[in-house]
Structures are given as structure tokens and as C-alpha cells.
1. I'd like the full set of residues that are of a type in the set (Gly, Ala, Ser) and away from chain A (no Cβ under 11 Å), limited to segment B:223-256.
2. How about segment B:206-256: which of its residues are part of a helix (DSSP H, G or I) and closer than 30 Å to A:Lys182 by Cβ?
3. If you check every pair at least six apart or on different chains, which have Cβ atoms under 8 Å apart with a residue in segment A:53-80 that is more than 8 Å from every other protein chain (Cβ to nearest Cβ) first and a residue that is polar (S, T, N, Q) and in a loop (DSSP other than H, G, I, E, B) second?
4. B:Leu174 fails exactly one of the following numbered conditions: (1) more than 14 Å from chain A (Cβ to nearest Cβ); (2) surrounded by fewer than 19 Cβ atoms within 10 Å (Cβ to Cβ); (3) not hydroxyl-bearing (Ser, Thr, Tyr). What is the number of that condition?
5. Kindly state which helices (runs of 4 or more DSSP H) lie completely within segment A:5-85 and contain at least 3 residues that are more than 16 Å from ligand 1 (Cβ to nearest atom) and basic (Lys, Arg).
6. Checking A:Lys27 against (1) within 14 Å of chain B (Cβ to nearest Cβ); (2) touching a residue at least 60 places away in the same chain (Cβ under 8 Å), only one condition comes out false. Which one?
7. Among (1) facing another protein chain (nearest Cβ under 10 Å); (2) touching a Gly at 6+ places or on another chain (Cβ under 6 Å), which single condition is B:Arg83 missing?
8. A:Ile141 fails exactly one of the following numbered conditions: (1) within 12 Å of ligand 1 (Cβ to nearest atom); (2) more than 23 Å from A:Thr41 (Cα to Cα). What is the number of that condition?
Amino acid sequence: MPVEGSNKTDNQDFMKIFDARIERDEKVEPKDWMPDAYRKTLIRQISQHAHSEVIGMQPEGNWILRAPSLRRKVALLAKVQDEAGHGLYLYSAAETLGIERDELYQQLLDGKAKYSSIFNYPTLTWADMGAVGWLVDGAAIMNQVMLTRTSYGPYARAMVRICKEESFHQRQGYEILLHLVKGSEAQKDMAQDALNRWWWPSLMMFGPTDSESTHSEQSMAWKIKRKSNDELRQAFVDATVPQAEVLGLTIPDPDLKWNEERGHYDFGPIDWDEFWQVVKGDGPCNRERMAHYTKAYEEGAWVREAAMAYAEKKQKRREAAKSDLQVA
Amino acid sequence: MDNSLSPNQALFNFALHMGDNTLIAGHRLSEWTSQGPALEQDIAITNIALDLVGQARSWLSLAGELEGKGRSEDDLAYLRSDREYTNFLLCEQPNGDWGMTIVRQFLFDCYHFELLNALLDSKHEQIAAIAAKSLKEVTYHLRYSSEWMIRLGDGTPESHKRMQNGLDERWRFLGELFEDTETDKVLAEAELSVLPSSLEEAAMNRIEAVLKEATLSQPEVKHFQTGGRKGIHSEYLGHLLAVMQSVPRAYPGQSW
Ligand SMILES: [Fe+2]
Ligand SMILES: [Fe+2]
């Protein structure tokens, strides 16, 4: 593997090869030379994505013990378990860039790494399990389908696996709501209330508007990102409005209407003050999510230490047995 | 009253008991989801929870059929009080730390594994079928909990202390697993199930072997706690059910 920064002319040559590879739409693989900034951007993005999967277990985990039927309980458990699995694939993808999982955990614990702000909103009723699946997993899919074509090979391949499960999650969430809107008045109200609370935060999941987005331009050039925040947000709105109509629910946006000329739905302004407030740590559940994560991490320390100690003991015993054999 | 227990009534009691054990054990494990000691263990323990709740669905559906009053798995899970639940006290005990949870699960797995093996020969087709499906899963549960017993028992001084403490604390619920009730006698007579007492030797042999490898000592208990199968539970079950049943109780008669 070429060592970075060893020689300026070398680096320029490598850069040319790298740029040409991106240009040809070929995947960059872990052993390939890549610019430092590309590597850093990927580590930041993939680990942030992994952290989101893991922290994202909490709002839905909040309803596992209260799922209203055994069928729903099993489905929800399986869903939250899938998210843990997504976290694992993504941490592995990040590790191919030369960073250890423990370091990534530490960044999250120290508050240096971010996760998706959507998980800082509370899940208040059972209908939220429907709305989260439908909207949050739905918004995630928009982003993740794009990422199946991202330029970094291990990230793209992790996404292919994840996308299959995410679309299942989305259908599962939608089906929860479909069931509720066919039910009693109280159940319908519950579904509408969930949509009211989750709609705008879901639109914020795509990040700042293109003109404000700091990382976007370079990420597009490197084909890490292949669509802009606003493009993805629009695609999400266009896909979701008809689904809300099928449910008979009203999207809480008086400005929402079909624009014949653009061939897209127009929608009202996003409350960016709220967006930044939550990003910067003052959302409704930021503290709770981190407290929950930190507590689990700390309480698990003795288990991880013991598992390591046992593995070492076992290894030593095996070696001792081997040398005994050799002596004999 | 017990003398007049009909085979069908006994079958219902048994299916309900199996459903309650697996549901309550699975529910407890699912409390770990999102707070396991590592991501891999979070996934593994959730998997076991999933298996157990899945098994509970089979047993409770069977119980509903046997009863013949049109009660569904959800009616039985969500609309019975703690006094009507017949799970073992062991299954409802709080998780405590990871070690305490592993101890509870291990003791239950040793019993569960032997029972399911025996139920493969049940003359009741559905019982044999549920047992066959469950046994594949429980074989893995037992391997998982045994490995963790050993790993933590023989890990660090701290993990050893915690495991011994967990064992000392949970051991008093073990005796109940091997008690024969009227239900068991009726079913064993008809070769539909077996006497729990007949499982004790094999289960205890396994427990002893694992404890030995884990460098843990077997606690001595003067009196075992019992009562679960009669609906006399610990104080914990009422709280567990209050949470679990909250939505269907708040919106009676709705479908979810
Ligand atoms: Fe996910
Ligand atoms: Fe998902």
C-alpha cells in the first residue's frame, strides 16, 4: 500500500489515479490510495451513520415492552435487532478505513461524533412505531438507496444489505398505521397525531438546504453523495404524499400542493431554528439518548473485560497444552 | 378438584404454562434490547427473546384452541391478571446485571431443553410439533447461556463474584421447575407430557458440569420458592404485566 505524504510527486500521481477512478465510476477499495480528506470524510459519515443505527434503537426500543399484540412485539423486536445489525455492518465498513471500533464508540461517548437528530424526538404512542417506520425509515431509504452507488466499495456494499431490510421496515411501519386508520376514532387520532409530530423532523433528516450544507459539494465531487439534500428531500415528499392520502391522514403542512409545472409537490418552509437546536444538543431527548447509551456502555464494561480475560486464559491454556505435547 | 382434572383441561393448563414461561422469559430478555454489554450481545439476547416470544405465540394459540372459548393468543397474553398467569417465579425475576440475567436464563434453559426433548415423544401431535421447532432454538439458547456462565464465572475476579452472587440469588427458584402438579400427572399418565421430576437428574447434571467449568459453587438452599403455577407470584410480575398490557387495557376491544 502506498504511504501517504511520503513524496509530493508521488501523491500527485496517486491523486490523478484516484480522480480518474472516481471519474470512471469505479469503486474505491480499502487498499487503494485515497486522499486524506476523502478518508476522513468517509470515517465521519460512516461512523455517524453507524451511531445513528445504534442510537436509533432507543426510540423504538421504548415500545418493545408495550407492543399491543404478540405479533407486533415480535416484529418490533426483529426490527430493532436489524438496526443493531446495521450498526455492526457500518462499524465494520468504517474499520476498513483504519479506525478501531472502540475509538468510534469513544467519539460518540465524548459527544464528538454525531448521530441523526431524528432520534432525539420522543416516541409517545404506539402509532409512533408506525410513523417512525414509515417516515424515518422511509427518509433513510432515500439516502441509503443513493449510497448503494457511493464511491467507497465497503460502504456501498453495506448499503445494499441494509436497504433490503429498511424497505421491509418501512412497509411494516406503514402497515401499523394502515391498521390504526381502519380502527376506532381514538386509533385514527393516534395515527394523525403521530404524523403531525414526525412529519417535519423527517424532512429535516435530509440535512440543511443545499446552499447551507458545508460538506455537500466535495462529497458530491467524490461521488460519496450522488444527490443533494434538497433533491432527496423533494423525492421523499413526492413519494410520501400519495401514501398519506391512502391512509386518509393529513400532512401537517398548509402549503403542501402539487406543482404541475415543476412536476413536484411544493411544501412549506422548514423550521431551521428547531433543526439547529436539536443538532446542537437541545432537542427533546438528546440527553436521554446519550445517558441511556452511556449507562449501557459503562454497565457492560465488566462483561467485556471478563470476556477478554477469559479469551486470553483460554488461549494460554491452549498454548500450554500444545507445548506439553511437544515436550512429550 | 384436582382429582377431576380432565385430560383436555390438563392440556390447556400445560399449554398455558408453557406459553406463560416463554412469554415472560422472552419479555424480560427483551428489556435488554438497546442496552446490551456489546452490540453483538444485544443482537444475541434479542434473538433469544424473539425465539421465546415466538414460542409463546404457538403455546398460547394452542391453549386457546384447547379451551375452545375463542380466546386468541393476545387475549391470553394481554387480558389475564397476574393471578391467572402460571409461569415459574424464575422467569419473572428482574434482569439485574448481565450476569444475573445469564444465570436466570441458564437455569431455565437447562430445564427447558430437557423438557422439549421429552416432549418430542408426546402423543399430542401439536405439542410434539411445537417442541420440535422450539428445541432447535433452545439448543442454541442453552449453548449461549452455558458459554456465558463459563466465560464470566472464569473471567475476572469481579465477574466471578457477580456470577456467584447471581447464582446464590436465583438458585432458590430452581426447585419449582421440577415439581409435579396434578396437571403433569394426568398428562404423563396419558403420555402427552412427562413429569417434571423426571427431568431433574439430567438438568442437574448439566448444571453441575457447567458450574464446575465456570469455577462456580453450587449454592445451598434450605427452601425453594414456589407458587407460580398456582398463580401465586412474586411482586414483580404485576409490574411487568402492567407495562406489557397497558395499550390493550387502555383501549379495550381494539385490534392492533
Ligand atoms: Fe437501519
Ligand atoms: Fe430501519
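Derivation of every value follows stated rules applied to the coordinates shown; laboratory data play no part. Quick caveat: nothing in here was measured; it's all calculated off a predicted structure. No Cβ is skipped: glycine too gets one built from the backbone with ideal geometry, and neighbour counts run over all protein chains shown.
1. Scanning segment B:223-256 gives B:Gly227, B:Gly228, B:Gly231, B:Ser234, B:Gly238.
2. Within segment B:206-256, B:Leu241, B:Ala242, B:Val243, B:Met244, B:Ser246, B:Val247, B:Pro248, B:Arg249, B:Ala250 qualify.
3. Qualifying pairs under 8 Å: A:Ile55/A:Ser116; A:Gly56/A:Ser116; A:Pro59/A:Thr123; A:Glu60/A:Thr123; A:Asn62/A:Thr123; A:Trp63/A:Thr123.
4. Condition not satisfied by B:Leu174: (2).
5. By residue number, A:8-23, A:36-55.
6. Result: A:Lys27 passes all but (1).
7. Result: B:Arg83 fails condition (1) only.
8. (2)
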